[in-house]
1. What nm value, rounded to one decimal, do you get for the distance between Gln65 and Glu244 when each label is placed 7 Å out toward the C-beta?
2. As a footprinting exposure proxy, order Phe273, Phe107, Phe88, Phe312 by other Cβ within 10 Å, with the fewest listed first.
3. Order these by the 10 Å Cβ neighbour count, fewest first: Tyr221, Tyr318.
4. Please turn the phi angles of the range 140-151 into ³J(HN,Hα) values with the Karplus equation 6.51 cos²θ - 1.76 cosθ + 1.60 (θ = phi - 60°), one per residue in order, whole Hz, x for glycine and proline.
5. Over the Cα atoms of the chain, what radius of gyration and what Dmax do you get, in Å?
6. Taking the Cβ of each residue in Asp20, Asp271 as the centre, tally the other Cβ atoms inside 10 Å and list the residues starting with the fewest.
7. Please sort by residue number the GluC sites (Glu not before Pro) in the range 111-156 whose DSSP state is loop and whose Cβ has at most 11 other Cβ atoms within 10 Å.
8. Just in the range 175-236: which trypsin sites (Lys or Arg not before Pro) are loop by DSSP and have at most 12 other Cβ atoms within 10 Å?
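Nothing in this text is a laboratory measurement; each read-out follows from the coordinates by a stated rule. What you are looking at is a predicted structure, and each value in this text was computed from that prediction instead of being measured. Don't worry about glycine lacking a Cβ; one is built from the backbone with ideal geometry, like all the others, and counts go over all protein chains shown.
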Amino acid sequence: MSATISALAAYVPERVVTNDDLARTIDTSDEWIRSHTGIRERRIAAPDQAASDLAIETARLVLAQRDLPADEVDLVVVASSSPDYANFPSVASIVQDRIGASRAGAFDLSAGCTGFVYALEVGRSFVEAGSVNRVLVIGSEVLTRITNWNDRNTCVLFGDGAGAALVERDAGHAVLHSWLQSKGSGDAALIRPAGGTRTPFDPQVHTLADMQIQMDGRRVYLFAVDALVQSVRTLCEREGISPEDVSWIVPHQANLRIIEAAAKRLGLPLDRFFTNLDRFANTSAASIPIAIDDMQQQGLLEEGQLILTVGFGAGLSYGGNLIRW
């Protein structure tokens, strides 16, 4: 019995914000953003859309692909760094109720931009253990709500979106291996410093910026390149193949320069790595399913291909999944 992805879909908000749009309000330019990141535009959620709203949209798309009623889902797992509420209630519980998954358990998973990779392995493990039949795995982010729009080095990086996969036994694309890792010594490199139990928000001490994303860009870049390379090599070793045997590598869509550096170190052509960050920017836990759905829409995926996903982000966390399409 093997766990498989039987359906996968993505949802992004309608509003498109280009680099030129940002340049009207902050000190930046389209040329600077493109040359440093590869991003030219991003989607931004409507004022009344939270992470659960995006997750619900993509969940309904996935269930429609399978023509499956929501009450046949046994578990909902949502990976998000930008949940509706601080810690509780979970996004997953809101989604479970709103889509009508009346028999399902639900919980959130926090692994930063590696969230979907972790959540997919959780879904695979539950199904292969036989404790559930179907797991709805979702990555959903509204990062633009926790972005410091006065910090031109970070605010240009992020966008909003969601993606989901239905995991069930022997019904689709096999999840062969996963590799999950953490480098917690880098915790301060990508952080929201205030608002938790370590540093509760105090309006007399903290500013709004203390509740927003702060990043040591150079440190994260060096970590991400190494994490991407390690993940590809390790997953290939576990399958007994070389990186050249992988049809597509689908990395977290953070920065094109990270992907270029990893491709060079691996000795692989850049076109082996699927990227769409130019259109969607960094959507954290949603970036990998958004990318795979984009590949589906473009007809790039063929039966039997090996697809290797790689995530890296806050924690610092990293890892990947090897999928037989």
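1. According to this spin-label approximation, the distance is 3.2 nm.
2. Phe88, Phe107, Phe273, Phe312
3. Tyr221, Tyr318
4. Running phi through 6.51 cos²θ - 1.76 cosθ + 1.60 with θ = phi - 60° gives 9, 9, 10, 5, 5, 7, 10, 8, 8, 6, 9, 9 Hz.
5. 18.6, 58
6. Fewest-to-most Cβ neighbours within 10 Å comes out as Asp271, Asp20.
7. Nothing satisfies the criteria.
8. Within the range 175-236, the qualifying trypsin sites (Lys or Arg not before Pro) (loop, at most 12 other Cβ atoms within 10 Å) are Arg198.
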